[in-house]
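Each remark here refers to the structure printed beneath this line.
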Amino acid sequence: MFDIRRISTSRWWHKKKSWILFSIFLFLIFVRITKGSIYKDFYYFISKPFWPGESQKELILKSLNQEYLIKLNLLKKDNVRLRKILNLQESSDNDAILAAVISRKTGSWWRQIILNKGSKDGVQIGSIVVGPGGLLGRVKSTSFFTSSVILLTSPESKVGVWMDRIQINGLLIGSGDDYPNLVLYSKDADLKVGDFVSSSPASTLLPPNIPIGIVHSIEKPFQTKKTAKISLLAKPHSIDWVQILKVKI
């Protein structure tokens with residue numbers, strides 16, 4: 001009797017086990033056919049309490065807005081830079097060479113830039129270099145492919161300038177910082193902040209009437225001269241393209 005019940009129970013268990021395995025098999029087939037949509041929907045509901053909150057959503061949206069603003073500002077700067085390049089190209093003629101700035105030393109004592117045009121392109125020592133805004137400096141040396149430009153801010157630079165409002169010549173001397181010194185050999189000159197400075201018609205190094213800068217500040221006059229700091233119109237630390245003027249003085 002005991003053996004009969006044991007055999008009967010064993011058969012019932014094997015039969016139930018078969019149905020369980022068969023049901024699992026059918027479920028897997030169903031998941032396969034539906035491509036896991038039931039599982040995904042189930043995961044949707046059980047994971048919902050752990051979704052990012054509204055505060056995180058706002059943070060992400062704020063970050064996206066900041067990213068878009070940064071990209072917009074970069075595009076605006078690129079647009080301005082390209083317009084400056086186009087203006088240089090439009091004003092170029094047979095007496096000018098368009099060149100790119102490939103290196104710059106605009107800090108401390110050494111204030112110069114290196115251009116990607118050299119003697120093979122017709123660049124000569126003493127050639128005038130201008131950028132968007134006005135005069136930058138003069139070519140000091142050349143190689144076959146490059147040229148080095150001494151900036152107006154370099155202590156090596158000395159050029160004659162003209163003050164149109166008061167009709168007087170002066171001398172612009174680099175001081176090693178961003179504001180070269182203007183020297184007028186007349187302590188009574190009616191110099192004012194904001195006065196415009198250009199290259200002098202009397203200069204033996206530059207062609208006349210090239211824009212240079214404006215008077216930034218005026219220092220106390222000496223016995224025989226008056227000095228001032230000049231803010232240059234062309235900023236060498238932010239200019240990428242320049243013109244090299246092949247001018248015969």
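Relative protection proxy for 166-172, 148-154, from highest mean packing down: 148-154, 166-172 (other beta-carbon atoms within 10 angstrom). Cross-link pairs exceeding 25 Å between alpha carbons, from the set 140/192; 117/140; 105/226; 140/226; 120/235: 140/192; 105/226; 140/226; 120/235.
Amide hydrogen proximity for residue 225: with H placed 1.01 Å from N in the peptide plane, the residues at 5 or more positions away or on another chain lying under 5 Å are 187. Taking packing as the residue-averaged number of other Cβ atoms within 10 angstrom, the listed peptides 97-103, 189-195 run from highest to lowest as 97-103, 189-195.
For a Förster distance of 25 Å, can you work out the FRET efficiency between the beta-carbons of residue 124 and residue 72, rounded to the nearest 0.05?
Details: r = 43 Å, r/R0 = 1.71.
The calculated FRET efficiency here is 0.05.
Read-outs: derived from the displayed coordinates by stated rules, not from any lab. Treat the numbers as computed from the prediction; the structure is a model and nothing was measured. Heads up, the Cβs are rebuilt from the backbone with ideal geometry, glycines too, and the neighbour counts pull from every protein chain shown.
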